[in-house]
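Reading through the structure tokens given below for one structure.
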Amino acid sequence: MASRLAGHALVEALIAQGIDTCFGVPGESYLAVLDGFHEHRDRIRFVACRQEGGAAFMADAQGKLSGRPGICFVTRGPGASNAAIGLHTAFQDSTPLILFVGQVAGDQRDREAFQEIDYRQMFGPGTLGMAKRVEEVTDADRLPEYVSRAFHTAMQGRPGPVVIVLPEDMLTTPTSASILPRAEPAHSWPAPSALADARTMLAAATNPFVIVGGSGWTAESCLALERFVEAWQLPVGCAFRFQDTFDNRHENYAGDVGIGINPALAQRIRDADLILAIGPRLGEMTTGGYSLLAAPRPEQKLIHVHAGAEELGRVYAADLLIQASMACAAPALDSLAPPTKIAWAGAVERARGDYEANRVPTTVEPMDMAEVVLTIERLAPPETIYVNGAGNFSGWLHRFLRYPGLRHFGRTQLAPTSGAMGYGVPAAIAAALLHPERTVVNLAGDGDFLMTGQELATATGYGAQRLISIVVDNGTYGTIRMHQEREYPGRVSGSDLFNPDFVALAIAYGWKAARVETTDEFEPAFARALANATPTLIHIKLDPDVSTSRTTLTAIRAANS
Ligand SMILES: Cc1ncc(C[n+]2csc(CCOP(=O)(O)OP(=O)(O)O)c2C)c(N)n1
């Protein structure tokens, strides 16, 4: 292998891993890598973002959409600090991601040199940390080894983020190291005895319920899941922010198990005698604050299937733990023959009835967010990718949108389990840049949107198309206002927002834009946005009293008085 700068070798290693797009903000600490991107510009592109938080969110979206690590490059101290939110989001979402951080040169090390940080300290790794692995490459000849390890680590077991630290002088060192082959994640199959136990427990149940989610699903495994729950007549809920794992239009789908859960579904889960959790890590939002499933020992029997050994038994002392990757778990479950008589016959229809009833909106004047979401679903192409950040506005998507299920079009939901505001704009832009053939719709709150709104420039600069960002402007950090009205009625503090003219702002960034103040105005505005080649922002004015899809601030105050 001919000698070249280690910075160039790193870009070659990424190309060998099948990466054609990286996100980042440049820094003088990794100029040799940027030069490598120039060298190989016909095979890989570096998308220069406006803030590292946005770049890291974009890489998270890339990881979610591809199932392989999303790639983010940032400079030392300030850049890495900005990127932390994306790393944390990828950790809580179990998204494969690799964050490359430029670092001071080796001969400056440990002096608190310009922008120097100890990234092993900063990012973990730890069980509550921000990264699965943090490594610093000091030997240019071993760079390919570190890249290969990072890809395996990010994808295997419970997927997650890995940080690789790149000292400046290492990147400018010539190396003739060979690039290692593309990393494919190792899969684990359920042990036959565990599978037999699962069948015994399921067959003995009277009222079982399935919760699916987490990373590592493939179209084939989702199809196998569908066959399994059909054969066993099992109702299925999707874990928080993994609502696209199972087709929401399927008759076995019972709803999303997360914030703002359908009360009837919550009751169904409490009443179940067996919960079969396939893939989710059963976090706080999916378990209703560890109350639907009491931690550490739930009332219901629990079978927990997860790819990461470290995740099994971490919160719940389950009755049966099965370590398997989702690509293998679902086909294995699909091989289990159901009993001839199903004790819970009719449960699917009852659960589906509750789900359908929950999708019937109560009319709200003058702007009905439920109608907005139903209109989006009616008009948008079936393979549309839906994106949201964090805030009460996202509840309308969870309740009213029917995600197709990733067996049809891969992932159609990009949303942060971590509840990171600002996720939506950059994640949507990444989706649009990576999948120009698909429509991308981002629903954002006014608070959420402006955390990363400057990335609109990235969308324009890199020619994003079929991208629609809808800003729900209620002039407040509405979620916080809701909590304030509950806990400290009438004492509004720190939650009011001053907003710019969102339409003018979007136009300034080269987007098209429209303002909508009544429900009727939304459909034509959205239809025009779908027809636009350029990205389009739709600014929705919403009365701040309309707090969630279920309640108003007035009702919360009344309940308090
Ligand atoms: C990065 C970040 N900062 C703060 C919060 C706390 N937080 C959760 S929701 C919320 C308000 C969201 O406001 P907005 O986007 O306007 O949506 P709304 O709740 O009004 O629908 C805040 C501040 C958070 N989740 N993430």
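The values are calculated or read from the model by the stated rules, or taken from the named source; none is laboratory data. For clarity, every value in this text was computed on a predicted model and none was experimentally measured. No Cβ is skipped: glycine too gets one built from the backbone with ideal geometry, and neighbour counts run over all protein chains shown. Side chains included, ligands, DNA and RNA excluded: accessible areas come from the protein's heavy atoms. Shrake-Rupley method; radii C 1.70, N 1.55, O 1.52, S 1.80 Å.
Rounded to the nearest 500 deg cm²/dmol, what is the calculated helix-only ellipticity per residue at 222 nm for the chain, with -39500 (n - 2.57) per DSSP H run of length n ≥ 4?
Working: 22 runs with 214 residues, N = 561.
Rounded to the nearest 500, it is -11000 deg cm²/dmol.
Using a probe of 1.4 angstrom, how much of the accessible area of the range 165-318 is carbon and sulfur, in percent? Before the final figure, lay out each step's value.
Numbers: 3090 of 5730 Å².
Percent of accessible area from carbon and sulfur atoms in the range 165-318: 54.
Rounded to the nearest 0.05, what FRET efficiency do residue 551 and residue 508 give with R0 = 56 Å and r taken as the Cβ-Cβ distance? Could you check? Display every interim value, and only then the final one.
Working: r = 36 Å, r/R0 = 0.64.
It comes out at approximately 0.95.
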Would you kindly state the longest site-free stretch of the chain, with sites defined as chymotrypsin sites (Phe, Trp or Tyr not before Pro) in a DSSP loop (not H, G, I, E, B) surrounded by at most 14 other Cβ atoms within 10 Å?
115-497
Relative contact order of the range 241-303, defined on C-alpha pairs under 8 angstrom at six or more residues apart (%)
32
On average, how much accessible surface per residue is there in the chain, in Å², for a 1.4 Å probe, leaving out ligands, DNA and RNA?
37
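Want the number for residue 107 to residue 271: 0.36 nm per residue separation, take away the alpha-carbon distance, what's left?
On the way: separation 164, 0.36 × 164 = 59.04 nm, distance 6.29 nm.
Fully extending the segment from residue 107 to residue 271 adds 52.7 nm.
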For residue 291, tell me the accessible area in Å² from a 1.4 Å probe, rounded to the nearest 10.
70
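Heavy atoms only, probe 1.4 angstrom, no DNA, RNA or ligands counted: give me 528, 4, 402, 486 ranked by accessible area, highest first. Write out the running numbers ahead of the final one.
Values: 528 145, 4 30, 402 60, 486 110 Å².
Putting 528, 4, 402, 486 in descending order of accessible area: 528, 486, 402, 4.
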For a quick check of understanding: with a 1.4 angstrom probe and all protein chains in place, what accessible area in square angstrom does residue 408 have, to the nearest ten?
80
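Tell me, what % of the accessible area of the range 324-443 is carbon and sulfur with a 1.4 angstrom probe? Display every interim value, and only then the final one.
Values: 2090 of 3710 Å².
Ligands and nucleic acids excluded, carbon and sulfur reach 56 percent.
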Quick one: length gained pulling residue 341 to residue 81 fully straight, 0.36 nm per residue minus the C-alpha distance?
87.9 nm
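Out of the total accessible area of the range 31-146 (probe 1.4 Å, heavy atoms of protein only), what percent is carbon and sulfur? Could you put the intermediate results ahead of the total?
Values: 2100 of 4610 Å².
C and S fraction of accessible area: 45 percent.
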Could you check the spin-label model distance between residue 182 and residue 350? Points 7 Å from the Cα along Cα→Cβ, value in nm.
4.8
Just read off the accessible area of residue 85 with the full protein assembly in place, 1.4 Å probe, to the nearest 10 Å².
70
Residue 142 versus residue 220, label points 7 Å from Cα toward the beta carbon: distance in nm?
3.6
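Arranged from highest to lowest average of other beta-carbon atoms within 10 Å per residue, in what order do the peptides 529-540, 463-474 appear? Intermediate results must be reported in sequence, preceding the final value.
Details: 529-540: 20.1, 463-474: 23.3.
By packing density, highest mean first, the sequence is 463-474, 529-540.
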I need the calculated FRET efficiency for the pair residue 297 and residue 383, taking r as the beta carbon distance and R₀ as 30 Å, to the nearest 0.05.
0.10
